[in-house]
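The values are calculated or read from the model by the stated rules, or taken from the named source; none is laboratory data. This structure is a prediction, so every number in the text was calculated from the model and none was measured. As a convention, Cβ positions derive from the backbone with ideal geometry for all residues, glycine included, and neighbour counts pool all protein chains shown.
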Amino acid sequence: MKFGTLFLFGWMAWIAPAQEPSCRSVEGERIQAQDLAAVLPEFAGVPAETLLAMAPMPGSQRIFHSSEILALAHRFGIVPASAPDVCFEWGMQPLDRKSVLASMQESLQVAGVEIEIAEISLSRVPPGRIEFPLNRLGVPASSEQRAPVLWRGDVVYGEGHKFAIWARVGITAPCRKLLAVGTLAAGKPIEARQLRETAAKCFPVAMKAVPSLGEVAGMVPLRSVTAGSELRPDNLVPPNDVNRGDAVHIDVRSGAAHVTFTARALSAGRSGDMISVRNPESNKIFQARVTGKGTALVETGGRS
């Protein structure tokens, strides 16, 4: 009976698969003698910083098999009591949400910003510094969009290596908006009384700086704005210096010759733009460069 039991245990041990050694965490780029000595005390006599191998990539393992242990022992004149397999790996851990939030707030540098993490990398990461650069933050189609956007980052570990991570986040910050009191017609200068300012919450990176009511006065909307709607900075342009139908003071220069007269604008433009004008006496149409409010210049380069 005893013989049968011993035989059974021996058979089970023979057919059982060999178990992988439990891994020790590495804390740097290199596996050194001091790391191996923590498992096999016989290696304590080897200079602690002696390089034995490079550390594996995060998520991988570096196993010193028994034959390699014996070879190292022979190299350093050690007679080990045993030569088991020894495993090393980076100590991986779940991504810490608090550290992620702190990194995002540091990148944004916006007072009163609110960040809500909707989704985050589930893969385990090596210990290191978490970075979420601002230039890798997705931007919504408009500052009012509430759907989470993708923000890519890294865990910086070891000697400057980066382990990719990501999160989907909803971000809002206090902002100002200008609302139209009445309908604002496209191309017509705005009066301050036609707008009111209100506090709101916006996506901080997508929004442009909102001008004050005084700065908006006299500006022109590119597209009409209905009453109660927001007037966006990208819908504003300075007023034209010359409008279609305006009388324009024309200064003609041809070499030493200098002539001035008044013409009628056939197109609109701001300083620096080319516009079409008609000479009321000859009825001829020519091009002139706007130089200011109601003025334009024609230079013929010496031609008659």
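In the stretch 33-67, which residues are out of contact with any strand residue (DSSP E or B) (no Cβ under 8 Å at 6 or more places or on another chain) and either in the same structural domain as V156 (by TED's automatic domain parsing) or farther than 30 Å from S123 by Cβ (or both)?
A37, P41, E42, F43, A44, G45, V46, P47, S66, S67, listed by residue number.
Being modelled with pLDDT of 90 or more, out of contact with any strand residue (DSSP E or B) (no Cβ under 6 Å at 6 or more places or on another chain) and within 30 Å of S107 (Cα to Cα) narrows it down to one of A199, A206, so name that one. Lay out the reasoning, then the answer.
On the way: A206 fails: modelled with pLDDT of 90 or more.
Answer to the selection: A199.
Given the options D241, D251, D273, name the one that is over 30 Å from E215 (Cα atoms) and among the acidic types (D, E). So that I can check it myself, show each step before the final result.
Details: D241 fails: over 30 Å from E215 (Cα atoms); D273 fails: over 30 Å from E215 (Cα atoms).
Answer to the check: D251.
Residues checked against (1) in contact with a Pro (Cβ under 6 Å, 6 or more places away or on another chain); (2) closer than 30 Å to R223 by Cα; (3) modelled with pLDDT of 90 or more:
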site: E114; (1), (2), (3): no, no, yes
site: I117; (1), (2), (3): no, no, yes
site: I120; (1), (2), (3): no, no, yes
site: P127; (1), (2), (3): no, no, yes
site: A147; (1), (2), (3): no, yes, no
site: W151; (1), (2), (3): no, no, yes
site: G158; (1), (2), (3): no, no, no
site: I171; (1), (2), (3): no, yes, yes
site: L178; (1), (2), (3): no, yes, yes
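Which condition number in (1) surrounded by 17 or more Cβ atoms within 10 Å (Cβ to Cβ); (2) not assigned by TED's automatic domain parsing to the domain that holds R124 is the one that A192 fails?
(1)
Looking at this structure, is V169 β-branched (V, I, T), touching a residue at least 60 places away in the same chain (Cβ under 8 Å) and in a loop (DSSP other than H, G, I, E, B)? Break it down stepwise before answering.
On the way: β-branched (V, I, T): yes; touching a residue at least 60 places away in the same chain (Cβ under 8 Å): yes; in a loop (DSSP other than H, G, I, E, B): no.
Answer is no for this residue.
Restricting attention to the stretch 256-289, and to residues there that are among the hydroxyl-bearing types (S, T, Y) and touching a Ser or Thr at 6+ places or on another chain (Cβ under 8 Å), which single residue is nearest to R244 (Cα to Cα)?
Quick first cut of the stretch 256-289, residues among the hydroxyl-bearing types (S, T, Y) only: 260, 262, 267, 271, 276, 282.
Within this subset, residues satisfying the condition of being touching a Ser or Thr at 6+ places or on another chain (Cβ under 8 Å) are 267, 271, 276.
Working: S267: 5, S271: 14, S276: 9 Å.
So the residue we want is S267.
Quick check on the stretch 53-72: of everything there that is among the hydrophobic types (A, V, I, L, M, F, W, C) and within 15 Å of E89 (Cβ to Cβ), which residue is surrounded by the fewest Cβ atoms within 10 Å (Cβ to Cβ)? Before the answer, list the steps.
First, the residues of the stretch 53-72 that are among the hydrophobic types (A, V, I, L, M, F, W, C): 53-55, 57, 63-64, 69-72.
Then drop every residue that is not within 15 Å of E89 (Cβ to Cβ), which leaves 53-55, 57, 63-64.
On the way: A53: 16, M54: 11, A55: 20, M57: 13, I63: 14, F64: 22.
For the stretch 53-72, the residue satisfying everything is M54.
Any idea which of S212, S276, S282, S267 is more than 30 Å from I171 (Cα to Cα) and modelled with pLDDT under 90? I'd like the intermediate steps shown before the answer.
Numbers: S212 fails: more than 30 Å from I171 (Cα to Cα); S276 fails: modelled with pLDDT under 90; S267 fails: modelled with pLDDT under 90.
Going through S212, S276, S282, S267 in turn, the sole match is S282.
Which of the residues that make up the stretch 254-298 are over 21 Å from V220 (Cα atoms), more than 45 Å from the chain's Cα centre (by Cα) and either assigned by TED's automatic domain parsing to the domain that holds L222 or aliphatic (A, V, I, L, M) (or both)?
Correct list: A256, A257, V259, A263, V277, I285, L297, V298.
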